[in-house]
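The values are calculated or read from the model by the stated rules, or taken from the named source; none is laboratory data. Everything numeric here is computed off the predicted structure, so don't read it as measured data. All Cβ positions, glycine included, derive from the backbone under ideal geometry; neighbour counts span all protein chains shown.
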Amino acid sequence: MGARQYTNREWKLLSWWLATYHPQAEISMQVRLGPTKPLEGITNPSAADLAMARVRNRWADAVFVENGLPYIVEACMQPDPGIFSQLIHYARKFRADPFFSKYANQPLGLIALVYSDDPSVAIEAPWYGINWVVYQPNLQGFLPPQLLGTPLDTGDYVLPWDWPTRLKSLLNPGSFASSS
């Protein structure tokens with residue numbers, strides 16, 4: 001049960017943020033992403049069978065479409081650098097998902113929504129093409145937000161010349177050559 005201690009708080013944080021900043025967006029929460037592996041032994045699957053098979057897919061906290069552009073949001077109370085790999089993984093799954101094929105040629109926005117800020121993690125967000133959003137509403141029953149970690153000197157962080165072409169091609173199809 002310990003791994004889910006923040007789930008309700010994250011949902012509240014995410015819901016409030018979406019309602020406050022994206023009230024006109026088409027919003028889906030707990031979205032299963034990726035191509036669905038067919039169920040074994042079923043030759044003519046019904047819509048219910050396909051929906052049941054989709055339950056095995058990984059899910060993102062939210063996907064919303066605003067002004068015709070899709071966004072994937074991952075919310076967390078305490079920032080963790082793993083949020084970047086989660087969002088990149090979800091972006092790859094999103095691009096392969098037949099349910100979202102109409103957005104295949106649209107840029108994809110990735111958003112890390114956090115309650116407590118950590119500048120040492122936040123500094124990496126632009127490297128991955130992720131929008132780092134610190135949202136700290138007055139949520140009844142929540143502990144006050146904390147500042148975790150310490151800011152890093154940005155001068156010491158020089159990325160390789162080819163960083164990250166694959167991520168850019170995933171987020172903005174057609175605008176960059178994809179690498180293998």
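When the residues of the range 70-81 are filtered to those that are within 14 Å of the chain's Cα centre (by Cα) and either modelled with pLDDT under 95 or of a type in the set (A, V, I, L, M) (or both), the one that is surrounded by the most Cβ atoms within 10 Å (Cβ to Cβ) is 75.
Restricting to the range 1-41, and then to whatever is at pLDDT below 75 and of a type in the set (Val, Ile, Thr), can you tell me which residue is nearest to residue 80 (Cα to Cα)? Looking at residues that are at pLDDT below 75 and of a type in the set (Val, Ile, Thr), I get 7.
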